[in-house]
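The values are calculated or read from the model by the stated rules, or taken from the named source; none is laboratory data. Predicted model, so just to flag it, every value in this text is computed and none were measured. All Cβ positions, glycine included, derive from the backbone under ideal geometry; neighbour counts span all protein chains shown.
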């Protein structure tokens, strides 16, 4: 699962970065995204390395290694990578279907990271199926809303579409928990 | 790590723990994706980013309605409250009230407690195995419990202090016993020269009316023409007082003088109690001594070790001299087996005093260390001279005790105690007056 998470992370970075956007800070965002995904993959790979309880009077190289491990485990690399990838994506002109695919990939990346981190099998995500399906529908709706031609030129129509998409998400968010609970109990 | 906790743990009283719930890393990552997507959607007015945030936000919203128990009941049960050094022990743990959450355990062992196998496990019932590395009253450590909701979006944390266990020093090996020449008139297992009802053949004498027919020695009777009967040696028991010197703990931990004294005393207690002797203990410490009156039986071993580890059983007398000890603690005519590095001059004086009072004594020297020295390259002549003087002093102490009629044997803690005691276990120990 660690490999899957790493590949998904790398795929997200490539997907968001291509084609290269020649804008200010694009290089820095790409650097942050690569660093976040790489460090996250390294964290997952070293997650089983034990840390001694007593850290007194340890030799210098071992202390440095423990400090490195601690930093690797404390910093929220994946969150940084997600923000950087979204930043890369927003640097490009509007391409709704592309963003929707990126959204699906990022969600998969986070779920794979969670599975690798907790050592669980993909089966633990079975209760999430309905919610993920609803999320996929909303993702498609969002992309569709983005692809709709504006009713009238100007910022107002874009804002209107945005509000509509937000309201849809909020409504789904309010209804879905109860639907899920009913399904779990059944 | 075996996850097969026994059902017995369910019968032990539980501890109710309040859970501190907080978002998991997974939830924080989803929240980052959701909020970042919404933020960009609002700022850039691109609805596809709101759609991108939707799956993450929906997962979070669905996870919020999951029930989270505010408290759980944890039951812990060590396989035993008492154990010996290096003995593998188990701790069974179970939880109740966790509903459908996933339980994770992390054991943080206490000092001188080494886990055998992994210190983390999953499941409502688990078993941790560990081994105490050194004697004493030891805290097992703490146990961290993490409860995750089925959606893995929240984690409840709680911590539990584990019980204490008494760790006894691993007893050394001793099978033979040193036996006094004069034993009190009490039934036991040590054959003496007096004829009696024992098992050891003593001799043959002429039959007198009243002798049992089964004791007639027919071959001897045939040879001598008159009835002869076998005689047997009487069997007696003795009082043994173990004297452990706890004033000096020199040497590397695990093989220090105190470690050896306790292990040796434990081995001697077992050996003499197996021979039906009455065994007691006196633990000499700074400012006084704790004591346990001689007794018999298997339980006396544990009483003796308890008495050596903590002065809660038996009695206490202040001062370096044992003159104030009651007769029950130091019966006249008892064999006194001393385990000491002989570094405390007051203790050596006490031994001399006891010898002058007529006690039969045997000293097991448990000193296996020397004063720390500098590296060879930095040693000075004065260092070497000081070391030689120290060694000569130690030899002089032992010589003076031998001169008083107190045998001193050295024990390195590795070999069996039978080896250094062999010369004295072969024949009864006499008391020179």
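Just a few scattered comments:
- From B:394, B:379, residue being over 26 Å from residue B:173 (Cα atoms), surrounded by 14 or more Cβ atoms within 10 Å (Cβ to Cβ) and in the same structural domain as residue B:247 (by TED's automatic domain parsing): B:394
- Some residue of the stretch B:77-100 being modelled with pLDDT under 85 and part of a strand (DSSP E or B): no
- Residue in the stretch B:359-374 that is over 30 Å from the mean Cα position of the chain (by Cα) and surrounded by 17 or more Cβ atoms within 10 Å (Cβ to Cβ) present: no
- Being crowded, with 19+ Cβ neighbours inside 10 Å and in a loop (DSSP other than H, G, I, E, B) holds for only one residue in B:147, B:183, and it is B:183.
- Filter result for residue A:9 (over 30 Å from residue B:111 (Cα atoms) and surrounded by 16 or more Cβ atoms within 10 Å (Cβ to Cβ)): yes
- Within the stretch B:58-84, the set of residues being buried (at least 16 other Cβ atoms within 10 Å of the Cβ), free of Cβ contacts under 8 Å to residues at least 24 places away in the same chain and within 14 Å of chain A (Cβ to nearest Cβ) comprises B:58, B:61.
One line per residue, one yes/no per condition, for (1) at the interface with chain B (Cβ under 7 Å from one of its Cβ atoms); (2) surrounded by fewer than 16 Cβ atoms within 10 Å (Cβ to Cβ); (3) modelled with pLDDT of 75 or more; (4) farther than 30 Å from residue A:44 by Cα:
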{"site": "A:123", "(1), (2), (3), (4)": "no, yes, yes, no"}
{"site": "A:129", "(1), (2), (3), (4)": "no, yes, yes, no"}
{"site": "A:135", "(1), (2), (3), (4)": "yes, no, yes, no"}
{"site": "A:176", "(1), (2), (3), (4)": "yes, no, no, yes"}
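- Residues located in the stretch A:81-108, provided they are assigned to a loop (DSSP other than H, G, I, E, B) and surrounded by fewer than 18 Cβ atoms within 10 Å (Cβ to Cβ): A:92, A:93, A:94, A:95
- Counting only residues that are touching a residue at least 12 places away in the same chain (Cβ under 8 Å), at the interface with chain A (Cβ under 7 Å from one of its Cβ atoms), farther than 14 Å from residue A:81 by Cα and under 59 Å from the mean Cα position of the chain (by Cα), the stretch B:27-57 holds 2 of them.
- Some residue of the stretch B:321-332 being over 21 Å from residue B:170 (Cβ atoms), within 21 Å of the chain's Cα centre (by Cα) and at pLDDT below 85: no
- Out of B:257, B:246, B:261, one residue alone is assigned by TED's automatic domain parsing to the domain that holds residue B:297 and in contact with a helix residue (DSSP H, G or I) (Cβ under 8 Å, 6 or more places away or on another chain). It is B:246.
- Looking only at residues of the stretch B:16-49 that are part of a strand (DSSP E or B) and out of contact with any helix residue (DSSP H, G or I) (no Cβ under 9 Å at 6 or more places or on another chain), we find that the one that is farthest from residue A:106 (Cα to Cα) is B:16.
- Any hit, the stretch A:68-89, residues being at the interface with chain B (Cβ under 8 Å from one of its Cβ atoms) and touching a strand residue (DSSP E or B) at 6+ places or on another chain (Cβ under 9 Å): no
- Pick from the stretch B:268-294, criterion surrounded by fewer than 24 Cβ atoms within 10 Å (Cβ to Cβ) and not in a strand (DSSP E or B), ranking: nearest to the chain's Cα centre (by Cα): B:270
- Filtering B:342, B:419 for residues that are in a helix (DSSP H, G or I) and either within 18 Å of residue B:249 (Cβ to Cβ) or within 24 Å of the chain's Cα centre (by Cα) (or both) leaves a single hit, B:419.
- Residue among A:90, A:75, A:85, A:49 that is free of Cβ contacts under 8 Å to residues at least 40 places away in the same chain and farther than 30 Å from residue B:108 by Cα: A:90
- In this structure, residue B:304 does satisfy being more than 30 Å from residue B:371 (Cα to Cα) and touching a strand residue (DSSP E or B) at 6+ places or on another chain (Cβ under 8 Å).
- Filtering the stretch B:85-98 to residues that are over 17 Å from residue B:146 (Cβ atoms) and surrounded by fewer than 19 Cβ atoms within 10 Å (Cβ to Cβ) leaves B:86, B:87, B:88, B:90.
- Exclusive hit being touching a helix residue (DSSP H, G or I) at 6+ places or on another chain (Cβ under 6 Å), part of a helix (DSSP H, G or I), modelled with pLDDT of 90 or more and assigned by TED's automatic domain parsing to the domain that holds residue A:85, set A:16, A:35, A:39: A:39
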